[in-house]
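A.B. asks: There's a structure below that I have some questions on.
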Amino acid sequence: MTAVHGTATELVPMLFRAKLANVRPLVNMLKTISFRPRARCIISPDGLVFAVEESQCLVAQAYLRAELFTTFSYNVQLAEYYRNQEQEAFEDEVSQDGEQSDATQVVLPLDNLIECLTLFYGPAGTSASSTQSSSISATNLYTSGNPGDLRGATTAVIGFKGPGADFELMLEERGTISQCRLSTFVPEPPVDLRFSHYPTTQQLIIQSKWLRDAFNELDPTSESVHISIASTEPHFRISTMGENGSTDMTYSNSERILDSFFCNEDQENQYNLSLILKCKQALAMSDKTKIRINQRGFLSFQFMIPTSADVSFVNFVFAPLVSADEPVAPATARV
């Protein structure tokens with residue numbers, strides 16, 4: 001890592017600033033979507049959303065509500081000023097978009113962000129060694145006090161001054177303070193997998209331990225996974241067909257397994273298995289999973305992950321390999 005030189009305080013106001021008493025919950029949430037090197041960070045008064053995309057068929061979002069942070073400050077007036085500046089510069093491009101939002105969007109190097117947050121204990125929870133990256137600048141500012149008298153939690157202050165500025169982090173553990181800055185990038189138009197644009201036709205909430213069992217049984221040699229939700233038995237079915245044979249996991253609408261169930265249109269859809277398996281880390285951390293399918297066959301997994309501030313969410317949306325409008329054969333499953 002390269003050192004940061006100079007100590008003069010910049011007079012540019014902060015668009016966003018927040019403090020965490022412990023970075024581990026944030027790191028754990030970011031790791032659930034860390035299969036891409038960059039993430040879109042959406043900052044709003046409600047908190048942060050980190051989003052990644054894959055193959056135009058998958059969008060994964062980690063939601064971090066403002067309550068997760070010790071302090072959370074977002075300058076709505078300054079955000080509006082920057083949006084107005086962008087509209088004046090690109091009036092032709094934005095005039096066709098009637099949507100307004102309080103949010104600020106910026107792209108961050110996700111792998112480097114996790115590297116910075118785990119500066120003191122390493123991505124795997126061990127002592128971290130120094131590394132170098134062109135998108136990170138960092139320095140140890142000072143060490144004070146008696147490290148042996150302090151707890152081991154890493155606290156963090158994160159901030160962003162606005163478009164074109166670096167994403168700033170100041171970490172402290174055992175009296176040692178380090179400051180990191182991450183290069184930021186202008187967001188490109190997101191993949192259009194907006195689940196809410198079409199009515200939800202099926203929804204269920206399942207205890208994640210049952211879904212983990214199903215994922216462990218899926219044949220990784222299969223190219224696709226079939227997911228069926230129906231109003232009759234079996235109400236929920238996951239199956240694959242690969243080089244090792246077929247797997248078929250079925251679940252009934254039982255209070256022991258499903259917390260809730262809704263179905264007004266039977267559907268069976270196919271999804272890319274390699275993309276579906278990217279949510280295994282989020283599944284492993286979650287207590288419950290909300291599964292939804294809309295009229296177009298888009299699949300949503302919403303993982304409910306317990307944190308010190310109640311519950312956080314990680315949401316995965318998948319496009320089907322076969323459109324829900326195309327006829328499919330009736331599902332047959334083991335009882």
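The values are calculated or read from the model by the stated rules, or taken from the named source; none is laboratory data. No experiment lies behind these values; they were computed from the predicted model shown. Every residue, glycine among them, receives a Cβ derived from its backbone with ideal geometry; neighbour counts consider all protein chains shown.
A.B. asks: Answer yes if at least one residue in segment 49-69 is surrounded by 15 or more Cβ atoms within 10 Å (Cβ to Cβ), touching a helix residue (DSSP H, G or I) at 6+ places or on another chain (Cβ under 6 Å) and among the small types (G, A, S), and no otherwise.
C.D. replies: Looking through segment 49-69, at least one residue is surrounded by 15 or more Cβ atoms within 10 Å (Cβ to Cβ), touching a helix residue (DSSP H, G or I) at 6+ places or on another chain (Cβ under 6 Å) and among the small types (G, A, S).
A.B. asks: Among the residues of segment 209-231, write down those that are part of a loop (DSSP other than H, G, I, E, B) and either without any contact (Cβ under 8 Å) to a residue 24 or more places away in the chain or touching a Lys or Arg at 6+ places or on another chain (Cβ under 6 Å) (or both). Please lay out each step first, then the result.
C.D. replies: Applying the first criterion (part of a loop (DSSP other than H, G, I, E, B)) to segment 209-231 yields 218-223, 230-231.
Once the filter is applied, which keeps residues that are part of a loop (DSSP other than H, G, I, E, B) and either without any contact (Cβ under 8 Å) to a residue 24 or more places away in the chain or touching a Lys or Arg at 6+ places or on another chain (Cβ under 6 Å) (or both), segment 209-231 yields only T221.
A.B. asks: Give the residue that is nearest to P199 (Cα to Cα), with candidates limited to residues of segment 248-265 that are modelled with pLDDT under 90 and not hydrophobic (A, V, I, L, M, F, W, C).
C.D. replies: Among those that are modelled with pLDDT under 90 and not hydrophobic (A, V, I, L, M, F, W, C), it is N253.
A.B. asks: Let me ask something else. Please determine, by comparing only the residues of segment 275-300 that are of a type in the set (V, I, T) and more than 16 Å from N264 (Cα to Cα), which one is surrounded by the fewest Cβ atoms within 10 Å (Cβ to Cβ).
C.D. replies: Here the answer is I276.
The rows are residues; the columns are (1) at pLDDT 95 or above; (2) of a type outside the set (V, I, T); (3) not in a strand (DSSP E or B).
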site	(1), (2), (3)
L30	yes, yes, yes
I33	yes, no, yes
R36	yes, yes, yes
C41	yes, yes, no
A51	yes, yes, no
F72	yes, yes, no
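A.B. asks: Also: Using the structure shown, decide if A60 is touching a residue at least 12 places away in the same chain (Cβ under 8 Å), within 22 Å of V186 (Cα to Cα) and of a type in the set (A, V, I, L, M).
C.D. replies: So A60 fits the description; yes.
A.B. asks: Does segment 8-18 contain at least one residue that is part of a loop (DSSP other than H, G, I, E, B), among the basic types (K, R), surrounded by fewer than 19 Cβ atoms within 10 Å (Cβ to Cβ) and modelled with pLDDT of 95 or more?
C.D. replies: Scanning segment 8-18 turns up no residue that is part of a loop (DSSP other than H, G, I, E, B), among the basic types (K, R), surrounded by fewer than 19 Cβ atoms within 10 Å (Cβ to Cβ) and modelled with pLDDT of 95 or more.
A.B. asks: Can I ask one more? Looking only at segment 289-311, how many residues end up being under 23 Å from A66 (Cα atoms) and out of contact with any helix residue (DSSP H, G or I) (no Cβ under 6 Å at 6 or more places or on another chain)?
C.D. replies: Result for segment 289-311: 7.
A.B. asks: Let me ask something else about it. Among the residues that make up segment 240-256, is at least one of them within 25 Å of the chain's Cα centre (by Cα) and either in contact (Cβ under 8 Å) with a residue 12 or more places away in the chain or assigned to a strand (DSSP E or B) (or both)?
C.D. replies: Checked against the condition, which is being within 25 Å of the chain's Cα centre (by Cα) and either in contact (Cβ under 8 Å) with a residue 12 or more places away in the chain or assigned to a strand (DSSP E or B) (or both), segment 240-256 yields no hits at all.
A.B. asks: Here's something else I'd like to know. Which of (1) at pLDDT 95 or above; (2) more than 20 Å from V314 (Cβ to Cβ); (3) assigned by TED's automatic domain parsing to the domain that holds I257 is the odd one out, the single condition F160 does not satisfy?
C.D. replies: Unmet for F160, out of (1) at pLDDT 95 or above; (2) more than 20 Å from V314 (Cβ to Cβ); (3) assigned by TED's automatic domain parsing to the domain that holds I257: (3).
A.B. asks: Suppose we filter L204, L193 for residues that are at pLDDT 90 or above and surrounded by 15 or more Cβ atoms within 10 Å (Cβ to Cβ); which single one remains?
C.D. replies: Numbers: L193 fails: at pLDDT 90 or above.
Answer to the check: L204.
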